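S.K.: Below you will find the structure I want to go over with you.
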Amino acid sequence: MATITPINRARRLRTTVKRLVIELGYLENCLDEGLLDDHLHAATLGVDAAIDHLNHYLAQCNEGHPSPHATPWAS
């Protein structure tokens, strides 16, 4: 089984953030078009929060000081 290097992990997380941003844009567009739905609104907030957490984690990785127990979903 291949080991995931920190560089590969950061690269994959950046790709994930890009996909989440695209999905968030779609969800926000649906809300702008009046497709207001509690589930849609919750999904938008969840994707937005995921992007924030991943960006925070990646910023720590780029500084070279990631917490040994940091995860992209930890508060």
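Condition check ((1) more than 18 Å from the chain's Cα centre (by Cα); (2) of a type outside the set (Val, Ile, Thr); (3) modelled with pLDDT of 85 or more) across all residues:
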{"residue": "29", "(1), (2), (3)": "yes, yes, yes"}
{"residue": "32", "(1), (2), (3)": "yes, yes, yes"}
{"residue": "35", "(1), (2), (3)": "yes, yes, no"}
{"residue": "42", "(1), (2), (3)": "no, yes, yes"}
{"residue": "55", "(1), (2), (3)": "no, yes, no"}
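S.K.: Would you point out which residue out of 10, 70 is modelled with pLDDT under 85, surrounded by 12 or more Cβ atoms within 10 Å (Cβ to Cβ) and part of a loop (DSSP other than H, G, I, E, B)?
M.R.: 70
S.K.: Would you confirm whether any residue within segment 27-34 is surrounded by 11 or more Cβ atoms within 10 Å (Cβ to Cβ), polar (S, T, N, Q), without any contact (Cβ under 8 Å) to a residue 24 or more places away in the chain and part of a helix (DSSP H, G or I)?
M.R.: no
The values are calculated or read from the model by the stated rules, or taken from the named source; none is laboratory data. Here the structure is a predicted model, which is why all the values come from computation and not from measurement. We place every Cβ from the backbone using ideal geometry, glycine too, and count neighbours over all the protein chains shown.
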